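This report refers to the structure that appears directly beneath it.
The values are calculated or read from the model by the stated rules, or taken from the named source; none is laboratory data. Computed from a predicted structure; not experimentally measured. Neighbour counts are summed over all protein chains in view; Cβ atoms, including those assigned to glycine, are modelled from backbone coordinates with ideal geometry. For the accessible areas, the whole protein counts, side chains as well, though only heavy atoms, and no ligand, DNA or RNA atoms are used. Shrake-Rupley method; radii C 1.70, N 1.55, O 1.52, S 1.80 Å.
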Amino acid sequence: MNFELSESELEFRDEVRAWLSANKPGDDRGIDIAQKEFIDSRRAWQKKMYEAGYVGITWPKEYGGRGAGFMEQLIFNDEMILAKAPEPINVLGLGMGGPVIIAHGTEAQKQRYLQPILSAEEIWCQGFSEPNAGSDLSGLQTRAEDRGDHYVVNGQKVWTTLAHVAKWCMLVTRERKEANPRDGLTYLLVDMESPGVEVRPLVQITGDAEFNEIFFKDVKVPKTQILGEAGKGWDVAITTLLHERGTLGMALATRAQITAADLAQQARRLGRGSDPLVRQKIARFTIEARALQLTGYRAVSAMKRNGIPGPEGSILKLMWSELNQQMTEAGVDVAGPAGQVGDGDGWKYAFLRSRANTIEAGTSEVLRNILAERVLGLPRSR
Ligand SMILES: Cc1cc2nc3c(=O)[nH]c(=O)nc-3n(C[C@H](O)[C@H](O)[C@H](O)COP(=O)(O)OP(=O)(O)OC[C@H]3O[C@@H](n4cnc5c(N)ncnc54)[C@H](O)[C@@H]3O)c2cc1C
């Protein structure tokens, strides 16, 4: 396998690199991510990237995308991370909402929703998890009652990232109770400004209120807002999750290599580089981060073949989340007493935020089950 970029890919990389260095906004870390100031600046940044043709790189041109390949997307992601450029605001719309509409939407839905996702005019959130349905999504209880030309939705979602600023929600609801709980689900695109939708923030260990609870009380949703077929929402939800892990996975390997390099630099700066335990740890992290990158290339090859991310996305997400927790813990450790005060020698936020990595987008236990069953062909756990 050849890991060198082709001439046209090198040209694209150089173009992106030059554009980012000329246009990248200043560092906005440290601003509470629930604040309007943060949201507005990230929205403006995404709009600027969109106007330059760097958002929706793999999306079809007729819906506002660039119509390029996954390799270009990977190159762009890497350059963003190397430049330490801020992420676009609409991460869930770009990573999941758009791709799932492209896969399951009607032509009218594609025309209506895709372009405002790219330009960040409309932010999306993902209403899957509930107080009694997380890893086992099929246990969800939010009801969609059929009233002819519309549904009436009642229920509660939780841990909904960006719900406080979202215009649209990918909402999985139960329309009918069936013997198999995966049957009878209906996937709706819900306007978060509809009467009866209430969003309450939840504060995380970092102090940020990145996610929320959403309460739905007699919310009217027209049937034109069904994504896929009524009662067949499970398939649409699975497409969404494959994209969640795949898109996330693709961006993680470079990030891991940068964290490992930051750690090595910190060890040198603090004179801890000669400590054999510290050296061995950093060497292991560096090797694992590089292995992640090679797995990322395999994921891209699979996506090129099949059009949707395969289980490789789950490998990347699983390995990265555990590696990232170990690396941020080592960062706090290498800092010594400075790791316990102020910003923890630059590691405090990353260390605290990393605790969620092994839960969000599928817990490590659940991802191991997926890999055991779908990659290794072992018997189902239940
Ligand atoms: C930062 C963050 C952002 C999030 N954003 C969103 C969002 O935008 N939208 C959304 O819908 N959700 C979101 N979530 C929720 C996330 O998807 C769930 O937390 C996750 O799926 C786990 O579900 P749960 O919390 O209900 O835990 P549970 O499913 O109750 O799991 C509890 C424990 O049991 C283990 N477990 C469960 N089932 C099995 C099994 N079959 N085999 C072995 N072990 C098992 C789990 O690994 C875990 O350790 C977010 C979570 C976090 C932390």
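Cβ separations smaller than 6 Å between residues 6+ apart or across chains give the following pairs from the stretch 352-379 residues that are on the phi > 0 side of the Ramachandran plot to residues that are within 10 Å of the ligand (Cβ to nearest atom): 361/244. Among residues that are open to solvent by 30 Å² or more (accessible area, probe 1.4 Å), more than 15 Å from the ligand (Cβ to nearest atom) and in contact (Cβ under 8 Å) with a residue 12 or more places away in the chain, residue 349 is not included. The single residue among 271, 310 that is part of a loop (DSSP other than H, G, I, E, B) and closer than 30 Å to residue 57 by Cβ turns out to be 310.
When you check residue 207 against the structure, is it crowded, with 20+ Cβ neighbours inside 10 Å and either within 22 Å of the chain's Cα centre (by Cα) or within 30 Å of residue 283 (Cα to Cα) (or both), yes or no? So residue 207 fails the test.
Selection of the stretch 368-382 for residues being more than 9 Å from the ligand (Cβ to nearest atom) and within 20 Å of residue 323 (Cα to Cα) yields 370, 371, 372.
Taking every residue in the stretch 195-209 that is small (Gly, Ala, Ser) and pairing it with any residue that is in a loop (DSSP other than H, G, I, E, B), at least 6 positions away or on another chain, the pairs with Cβ-Cβ distances below 6 Å are 209/34; 209/203. Any residue in the stretch 30-37 that is farther than 24 Å from residue 297 by Cα, over 17 Å from the mean Cα position of the chain (by Cα), modelled with pLDDT under 95 and part of a helix (DSSP H, G or I)? Yes, there is a match, as at least one residue in the stretch 30-37 is farther than 24 Å from residue 297 by Cα, over 17 Å from the mean Cα position of the chain (by Cα), modelled with pLDDT under 95 and part of a helix (DSSP H, G or I).
If you go through the stretch 69-113 and keep only what is outside any helix (DSSP H, G or I) and buried (at least 17 other Cβ atoms within 10 Å of the Cβ), you end up with 85, 86, 88, 89, 90, 105. Across the stretch 121-161, the number of residues qualifying as within 10 Å of the ligand (Cβ to nearest atom), touching a residue at least 60 places away in the same chain (Cβ under 8 Å) and open to solvent by less than 20 Å² (accessible area, probe 1.4 Å) comes to 4.
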